[in-house]
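Reviewing the structure listed below.
The values are calculated or read from the model by the stated rules, or taken from the named source; none is laboratory data. From a predicted model like this one, the values you see are computed outputs, not experimental measurements. Using ideal geometry, Cβ is built from the backbone for each residue, glycine included, and neighbour counts are taken over all protein chains shown.
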Amino acid sequence: MINFELDEEQKLIRETVIGFARDEIRPYAREADEKGAVPASLLQRGWELGLVQGIIPEEYGGSGSEHSALTGAVIAEELAYGDLAIAMHLLAPRLLTVPLVEFASSALKRSLLPAFCGDVFEAGTAAVMEPRFDFDSSAPATVLRRDGDEYVVSGAKCYVPLGSQAKHIVVLAGLANGDGTVHPQAVVVARDTPGLRVGGREKSMGLKALETTSLELDACRVPRDHVLAAGDERAMRRLADLWHVGLGAMAVGVARAAYDYAREYAKERRAFGQAIAQKQAIAFMLAEMAMEVDAMRLLVWEAAWKLDRHEDATREAYLSKRYASDMVLRIADNALQVLGGHGYIRDHLVELFLRNARGFATLEGLAIA
């Protein structure tokens, strides 16, 4: 039986993140979008919450809390409620630290994790997506092959958050099996590895405050222990599930933000002597939006709950991300319609919510639970 009640620690974390998103992130959302950058002071205050350090074991310098996909989903939703691009920037280091904590050798953990336990924001990232119309995360075109005591990585990636800042990157590649088939495999590549080239900043419709770049990997050689859970296809499915749950949770946050904005506007906007929220067409639209937000969250939490129990959650994780990707766009579009012409101008945040929501249908690996 799924327990829909957060434990006391999760409730405390949620309340802390809610306050931070409300008081720190939301007021900077428009400025960050216009300037294309997150203020350094905001990043530092977010870092001090310990959302990255909290899942790193004490022996590597962290706080020692056990990694929980449900806790990660709660954090992702609440930060994205403030602003999606800022949330992805703040949580980008987890794209590296979560796979390290879950799948890396003790030696690799000792080498890389302490850097994320300091007092200053440390960038980390993952390179999942590829510049191909037929990209499939279960069959990446980027190639990983073994050569003696090393592995060689070759391929191209796009939409890599903080690609020019992160010192280490989790790269999703395809590793050949002995029978000729290929399965996805995560490998940690240092940014200064010979053959790795970081492209310029990509220009996108949304997520303007989040730097994303392309990567080219030309026969990049990495040590054997940089391959995470080598040959363990179940571990790689779990990693993909964590990516899906993370993005699904962020979609819930954006959808909820759009719904709340539209609801409050409808309460205040008056037409023909009454608030438009009392008009049946608007009231029904808002009710459907509220139901969809709750349904999105339940799917995400179910997948996260199964991941925390180390059960097979591939179906639930995929469905949660797929449903959330559809619903966040519909809810953001409906929010814009509630505002009418005001929804199209930049005086209101719903146009930002809609631009950010558009990306969920195609983005992979930009968040993790």
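Observations
- Qualifying residue in the range 195-202 (condition: among the aliphatic types (A, V, I, L, M), outside any loop (DSSP other than H, G, I, E, B) and closer than 30 Å to His310 by Cα): no
- In the range 198-205 there is at least one residue that is touching a Cys at 6+ places or on another chain (Cβ under 9 Å), of a type outside the set (Val, Ile, Thr) and at negative phi.
- Asp192 of a type in the set (Asp, Glu), under 30 Å from Val38 (Cβ atoms) and not assigned by TED's automatic domain parsing to the domain that holds Val52: yes
- The range 135-174, residues that are surrounded by 24 or more Cβ atoms within 10 Å (Cβ to Cβ), farther than 15 Å from Leu96 by Cβ and touching a residue at least 40 places away in the same chain (Cβ under 8 Å): Pro140, Leu144, Val153, Tyr159
- The listed residues are Ala357, Ala369, Ala295, and the only one of them that is assigned to a helix (DSSP H, G or I) and in contact (Cβ under 8 Å) with a residue 40 or more places away in the chain turns out to be Ala357.
- Residue list for the range 41-53, filter: in contact (Cβ under 8 Å) with a residue 40 or more places away in the chain and in a helix (DSSP H, G or I): Leu42, Leu43, Gln44, Gly46, Trp47, Gln53
- The set of residues in the range 200-215 that are touching a residue at least 40 places away in the same chain (Cβ under 8 Å) and either within 18 Å of Gly365 (Cβ to Cβ) or surrounded by fewer than 14 Cβ atoms within 10 Å (Cβ to Cβ) (or both) comprises Glu202, Ser204, Met205, Gly206, Leu207, Leu210, Glu211, Thr212, Thr213, Ser214, Leu215.
- Some residue of the range 264-280 being within 25 Å of Ala85 (Cβ to Cβ), buried (at least 23 other Cβ atoms within 10 Å of the Cβ) and not assigned by TED's automatic domain parsing to the domain that holds His89: no
- Within the range 115-134, the set of residues being more than 14 Å from Leu49 (Cα to Cα), outside any helix (DSSP H, G or I) and touching a residue at least 24 places away in the same chain (Cβ under 8 Å) comprises Ala123, Gly124, Thr125, Ala126, Ala127, Val128, Met129, Glu130, Pro131.
- Restricting Asp218, Asp241, Asp192 to residues that are at pLDDT 95 or above, crowded, with 24+ Cβ neighbours inside 10 Å and of a type in the set (D, E, K, R) narrows the list to Asp241.
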